[in-house]
Amino acid sequence: SYYVHPSEEFNDYLVDWCKRAITAGAKDIYIDEPDGYKDSCYSEYFFDLLKNKYSEPFVYDEDDLSQPAKRQEITAQMFVDSYDYVSTEIKKTYPDSKVYIATHSIGSYSSVIVANNGKMVALENIDGVIGQSWTNTSMLPLYYEGEKSVRYFETSHLEYSELNNYIVGLDGKKAFMLNDANADGGYGYDVTRPIWEHNIVAQMLMPDVFCFESTVWAERAFTNAPYEYKTVQEGIYRIQQNVHDYASVTYSGTEGIGVLVSYTGCSAFGDMVNNLSALVTPLVSKGIPVDVITLERLTDTKALKNIKLLVMSYDFIKPDDIIYNKSIAEWVKNGGTLL
């Protein structure tokens, strides 16, 4: 979807091409990265939407501290409305075709893009999500014990948890987990293999994940890899293919701990991944699983069905509707614990 502002004309263009693809034999539609650059706010379509929302023309003002939140709320809603329309129009003609959103976690990409993933995945005619956490995003350094360091497993766990929790309580929707045995940037296999292995372990520790997207670019990740690495990849793909056939038990520390994230965090600080991870990374490092819950899913009472303790900070979250605060308050009244 090119990260462009999806105007009404663009939406119709996309619907037309998706229908052509299905007519030609495609089974399902996968919308790749329906995200907007958080500082791209100069299209006429954007100006019109912001004026309708706030009853004032847009004038860029870097000293107005409320403006980033307004810009990103408009951009995020633009994409929600776009793919609501696109998926609905596709299914009017092809009701049996599935439409999936392929997107990155909010934490990993918040310094660059804005996307209200929770709302998009919950749309009636979106059938699920491909969670694009992988070797590159796992390289993001985190603050841990006062120092910035790269912690592949902890980053993978938090990302896959967020992406998997988009569908909690949404019956019939699927979450696919991406893994890619190489990375952007020309890294050697000696660098990317240990990261990929942490990705695989983090995925397999998610109790509800059974669907995977593997080897996105076969030439890069598999074809040119050393033979030993190919053998390991083939073994993993066989396991992923048959994982539905196996019962599993996860042994870990206390379950039921959640942490709150929101697309609005990208308007507060450019380093949201650390604002988020600093709250819970020490738990993950000690073997205690953490569910990353998206604020915008809280209008669904099932979103917190597995959570007993919710860790949150509004230092890096700016809810765009009071309804989310009311949902949290109601959850606490019904026995939940808020930290």
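The values are calculated or read from the model by the stated rules, or taken from the named source; none is laboratory data. Because the structure is a prediction, the values reported are computed rather than measured. Methodologically, a virtual Cβ is constructed for each residue, glycine included, from the backbone with ideal geometry; neighbour enumeration extends over all protein chains shown. Heads up: the accessible areas ignore ligands, DNA and RNA and are worked out on the full protein's heavy atoms, side chains in. Shrake-Rupley method; radii C 1.70, N 1.55, O 1.52, S 1.80 Å.
The figures follow:
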| read-out | value |
| --- | --- |
| Given charges at beta-carbon only (K, R positive; D, E negative), |dipole| of the range 141-199 in Debye | 160 debye |
| Helical segments meeting 18 Å axial Cα length and Kyte-Doolittle 0.5 threshold in the chain (DSSP H) | 272-285 |
| Surface accessible to a 1.4 Å probe, residue 332 within the full protein complex, Å² | 60 Å² |
| Positive-pole candidate from 58, 163, 30, dipole of the chain, charges at beta carbon | 163 |
| Residues in the range 277-291 reached by a label modelled at residue 251 [backbone nitrogen below 17 Å; 7 Å Cα→Cβ] | 286-289 |
| Two-decimal log10 I(q)/I(0) for the range 2-95, as the Debye equation yields it once each C-alpha is a single scatterer, q = 0.15, 0.23 Å⁻¹ | -0.63, -1.14 |
| Square roots of 5 times each gyration tensor eigenvalue, C-alpha, the range 63-180, largest first, Å | 28, 20, 10 |
| Calculated FRET value between residue 191 and residue 244, using beta carbons and R₀ = 30 Å, to 0.05 | 0.40 |
| Charge dipole magnitude, Cβ of K and R +1, D and E -1 - the range 94-244, Cα centre, debye nearest 20 | 100 debye |
| Check: the chain dipole with +1 on Lys, Arg Cβ and -1 on Asp, Glu Cβ, in debye | 920 debye |
| Most to least packed among 320-331, 158-169 [average Cβ atoms within 10 Å] | 158-169, 320-331 |
| Separation between Cα centres of the range 238-317 and the range 150-177, rounded to whole Å | 8 Å |
| Residue 216/residue 26 FRET efficiency (R0 25 Å; Cβ-Cβ; nearest 0.05) | 0.90 |
| Label point distance in nm, residue 88-residue 174, each placed 7 Å from Cα along Cα→Cβ | 2.5 nm |
| Nearest-0.05 FRET efficiency for residue 339 and residue 56, computed from C-beta distance (R0 45 Å) | 0.70 |
| Positive-end extreme of charge dipole, the range 201-326 - chosen from 237, 290, 317 (charges on Cβ) | 290 |
| Relative contact order [Cα under 8 Å, 6+ residues apart], the range 170-229, whole percent | 47 percent |
| Percent of beta bridges antiparallel (DSSP, the range 45-201, rounded to nearest 5) | 35 percent |
| Pair-distance profile P(r), taking every C-alpha pair of the chain, with 20 angstrom steps and integer % | 29, 60, 11, 0 |
